[in-house]
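Here's the structure we're looking at; comments come further down.
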Amino acid sequence: MTMADRLQAAADARKAMAERFKARAKDDDPAVQARKAERVAILKAREERNAEREKARVAEAARKAEAERVERERLAAEAIRMAEERVARAEAERLAKKEERDARYLARKARAAKGKR
């Protein structure tokens with residue numbers, strides 16, 4: 001193969017590539033427009049699905065946050081109730097001990113008064 005043959009083969013290859021480029025579908029071709037519309041529809045559907053997932057994720061996070069808040073409030077109320085019960089028990093014990101002490105004091109006074117008669 002001579003140099004002229006190689007140059008001619010290269011020129012033919014360039015010409016074939018140029019023809020293929022020119023022969024490809026134009027933007028105003030209905031098939032091209034249909035593919036483009038399909039791609040746009042797919043992208044739009046994907047964006048809608050992503051938006052729905054994000055919306056669901058945000059709603060789930062809000063639901064969890066609300067559940068955690070309610071649980072914290074319940075635990076706080078339970079802690080307050082238990083503290084009030086402890087205080088009430090302590091007060092009841094204090095009053096019971098005071099009554100016992102007063103009863104012993106009165107009994108001692110009564111014994112002392114009996115002894116003086």
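Six or more apart or on different chains, Cβ atoms under 6 Å: show the pairs whose first residue is in region 13-30 and without any contact (Cβ under 8 Å) to a residue 12 or more places away in the chain and whose second is in a helix (DSSP H, G or I) and surrounded by 10 or more Cβ atoms within 10 Å (Cβ to Cβ).
ALA25/VAL32
With ALA11, ALA31 as the choices, which residue is surrounded by fewer than 10 Cβ atoms within 10 Å (Cβ to Cβ) and not hydroxyl-bearing (Ser, Thr, Tyr)?
Testing whether each residue is surrounded by fewer than 10 Cβ atoms within 10 Å (Cβ to Cβ) and not hydroxyl-bearing (Ser, Thr, Tyr) leaves just ALA31.
Regarding ALA45, is this residue farther than 30 Å from LYS26 by Cβ and surrounded by 10 or more Cβ atoms within 10 Å (Cβ to Cβ)? Outline the logic, then answer.
Values: farther than 30 Å from LYS26 by Cβ: no; surrounded by 10 or more Cβ atoms within 10 Å (Cβ to Cβ): yes.
Against the criterion (farther than 30 Å from LYS26 by Cβ and surrounded by 10 or more Cβ atoms within 10 Å (Cβ to Cβ)), ALA45 does not qualify.
Residue-by-condition table, conditions (1) among the charged types (D, E, K, R); (2) under 27 Å from the mean Cα position of the chain (by Cα); (3) not in a helix (DSSP H, G or I):
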| residue | (1), (2), (3) |
| --- | --- |
| ALA18 | no, no, no |
| LYS22 | yes, no, no |
| ASP28 | yes, no, yes |
| ALA34 | no, no, no |
| LYS44 | yes, yes, no |
| ARG49 | yes, yes, no |
| GLU52 | yes, yes, no |
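Each reported figure results from applying straightforward, stated rules to the coordinates on display, with no laboratory input. In this text, all values refer to a predicted model and were calculated from it rather than measured experimentally. Here the Cβ is made from the backbone with ideal geometry for all residues, glycine too, and neighbour counts use every protein chain on show.
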